[in-house]
Amino acid sequence: MVSPVSEGLFRDLRKLADWFSTGADRATSLDRQRFATLVKRLGATAVPLLGRELRSGDTRRREAARSALSAIAAHGDVARARVTAELHAIAAGAVGDDAKVVALGLLSELGEHADAQFADPAGIRVRAAIALASQLETAADLASAADLMVHQLEAADVVQMLEVMADAAPAAAHRLAGELTLRLDVAGELRDRIALVIAAIAPRLAPEPATAPSPRIAPTGLAVVLVDAAARLVVIASRRITGERRWRRWAVLIGASGRIDDSLHEDDAGFDGDASSLVARLCSEGYRVASTDPMRAHEVVAAAARRTAESTRALPSAYYLGRDLLDLADAHWSRDALGDRCGDPSSAALARAIELVAAGDHSRALPLLERCDPDHPDAAAALAAVLLAQDTPAAALVALDRALAAEPDWPLHHWNQAAALHQLGDTRGCYHALRRFVATSAQPTGLCADPEQPARVACAERLIAQLERTARITGRSLGRRSLRGRLRGTTTS
């Protein structure tokens with residue numbers, strides 16, 4: 001005999017399954033409310049069913065299942081454990097990439113880490129970049145995305161995400177990269193690489209119309225500055241979210257030293273999230289209201305942010321998330337103390353270009369090399385490698401001449417010169433470049449550790465022997481041309 005409780009659970013599970021199979025794609029607000037009631041009533045019992053729906057190829061069913069699992073995970077430790085176990089199984093299982101992405105995203109929100117193998121990693125990166133770009137509508141969105149990237153991604157992954165986004169949504173990538181360069185917690189090397197992404201994107205953006213400088217506009221929303229007897233300040237800014245009843249709220253604590261001691265940002269401060277209740281509580285603790293002028297609040301926080309950056313070179317994460325409420329933008333940057341946030345990135349450009357050349361990505365390497373010193377031997381050699389790959393050997397020879405002028409004994413310059421001359425059909429020049437390659441390779445250089453170097457030397461020696469044999473058979477000289485010989489078309493032995 002089935003108990004009434006079991007029968008009720010089975011009936012609710014049946015209703016939940018029916019909702020997914022018939023109503024997920026056209027659910028009304030009432031249907032969604034009934035769905036939420038079913039999920040709440042079932043709790044962890046619904047996890048296996050929701051896991052199956054999360055594996056679905058239907059986007060709406062998958063998103064509904066994700067939302068339900070997130071709600072169930074908030075019901076307590078037992079429910080949370082059931083949800084995370086199901087999500088880990090999905091991430092590690094033989095399911096579609098989209099389901100794995102959703103599972104990994106929800107696990108991340110729940111503070112869990114998991115790895116997954118994707119069938120189409122490049123496609124996943126593109127879709128993730130497009131999805132992120134579509135969410136970057138406001139300054140708050142940019143700050144939140146940048147904060148997430150800084151705290152959850154390695155430096156190389158940050159650059160890769162920006163480069164993928166630059167192809168799919170260059171304007172969004174440009175804004176996000178700019179936001180990242182404003183953060184003090186971005187390392188100098190990463191900032192230089194981000195600056196390269198910005199430089200590569202800029203030519204592809206539509207030029208902005210020229211406008212006359214406009215005076216600073218007072219920040220919108222509410223702001224209040226409070227002070228206590230110890231000269232500590234609290235600045236509170238709040239703004240009602242457009243089209244919604246909830247508020248965003250930001251509070252900054254400034255110590256007697258004039259530096260920011262702490263900051264708190266609430267993306268959803270509720271329906272009554274303006275500053276009034278917080279101000280009242282602070283006043284009861286000994287603070288008094290010094291100003292309710294948003295421009296005064298802007299000036300106070302900007303000065304404190306600059307002082308903090310100059311002394312500690314660090315700001316709380318919440319500072320970046322809430323600073324748009326007071327229109328602070330890059331107010332925390334002080335060129336005298338911190339220098340230009342996007343200094344000359346030529347060294348980073350060269351390093352990145354060499355990485356791309358090694359990976360065979362010549363189209364990305366070329367614009368970076370154009371930013372480098374053309375007489376730098378590494379830049380000239382990398383440019384020659386790109387030009388050779390693009391079947392422009394004459395231009396490659398010009399670059400190799402610069403590289404050889406700086407490093408006449410580096411074997412690879414002679415090897416690449418031989419390749420360029422071979423493409424041009426210059427047998428004599430190729431022969432002598434190969435001989436110089438073999439001669440310089442006999443000297444101790446850093447190239448001795450290259451595992452591919454012995455094969456190059458063997459190939460060069462074989463080609464030299466072939467060219468000499470061909471010259472003997474045909475009676476053509478391989479001697480170098482003297483200056484007089486070049487003019488007359490003759491050679492010297």
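The values are calculated or read from the model by the stated rules, or taken from the named source; none is laboratory data. Please read all numbers here as calculations on a predicted model, not as lab measurements. Here Cβ is always computed from backbone atoms with ideal geometry, including for glycine, and neighbour counts include all displayed protein chains. Accessible surface areas use protein heavy atoms only, side chains included; no ligands, DNA or RNA. Shrake-Rupley method; radii C 1.70, N 1.55, O 1.52, S 1.80 Å.
Annotations
- For the chain, diffusion coefficient by Stokes-Einstein and Kirkwood Rh (Cα), 25 °C, 0.890 mPa s, µm²/s: 86 µm²/s
- Using the Cβ-Cβ distance between residue 264 and residue 117 with R0 set to 41 Å, the FRET efficiency works out to roughly 0.55.
- Cα-based shape type of the range 77-138, given that a ≥ b ≥ c are square roots of the gyration tensor eigenvalues and the cut on a/c is 1.5: oblate
- Long-range amide H partners of residue 291 with built H, under 5 Å: 225
- The chain - percent of accessible surface contributed by carbon and sulfur, probe 1.4 Å: 53 percent
- Nearest-0.05 FRET efficiency for residue 370 and residue 75, computed from C-beta distance (R0 45 Å): 0.20
- Full-extension gain in nm, residue 468 to residue 38, via 0.36 nm per residue minus C-alpha separation: 146.2 nm
- Under-5 Å amide H pairs with residue 261, H placed in peptide plane, nonlocal only: 253, 254, 255
- Think of the range 44-133 as a dipole: +1 on every Lys or Arg Cβ, -1 on every Asp or Glu Cβ, centred on the Cα centre; then among 73, 45, 101, 45 lies furthest on the positive end.
- On full extension, the segment bounded by residue 445 and residue 289 gains 49.1 nm, given 0.36 nm per residue less the C-alpha separation.
- Mean shadow area of the range 42-168, taken as a quarter of the surface of its Cα convex hull (nm²): 8.2 nm²
- Net length gained if the chain between residue 156 and residue 189 were fully extended (0.36 nm per residue, minus Cα distance): 10.8 nm
- With all protein chains kept in place, the per residue accessible area of the range 389-468 amounts to 52 square angstrom at a probe of 1.4 angstrom.
- Each residue of the range 295-309 was assigned a 3J(HN,Hα) from its phi angle through the Karplus curve 6.51 cos²θ - 1.76 cosθ + 1.60 (θ = phi - 60°); the sequence is 5, 5, 4, 4, 5, 5, 6, 4, 5, 5, 5, 5, 5, 5, 5 Hz, with glycine and proline shown as x.
- Extreme residue, positive dipole direction of the range 119-207, given options 161, 202, 140 (C-beta unit charges): 202
- Residue 445 sits among other residues whose Cβ lies under 12 Å from its own Cβ, and their net charge, with Lys and Arg +1 and Asp and Glu -1, is -3.
- In order along the range 149-162, the Karplus-derived 3J(HN,Hα) couplings, from 6.51 cos²θ - 1.76 cosθ + 1.60 at θ = phi - 60°, round to 5, 5, 8, 10, 10, 6, 4, 4, 6, 4, 5, 4, 4, 5 Hz, and Gly and Pro are given as x.
- The simple Förster model, with R0 at 41 Å and r as the Cβ-Cβ distance, assigns residue 405 and residue 109 a FRET efficiency of 0.10.
- Magnitude of the charge dipole, the chain, Cβ model with Lys/Arg +1 and Asp/Glu -1, debye to 20: 1080 debye
- ³J(HN,Hα) computed for each position of the range 320-325 - Karplus, 6.51 cos²θ - 1.76 cosθ + 1.60, integer Hz, glycine/proline x: 5, 6, x, 5, 5, 5
- Accessible-area order (highest first, 1.4 angstrom probe) of the listed residues 287, 319: 287, 319
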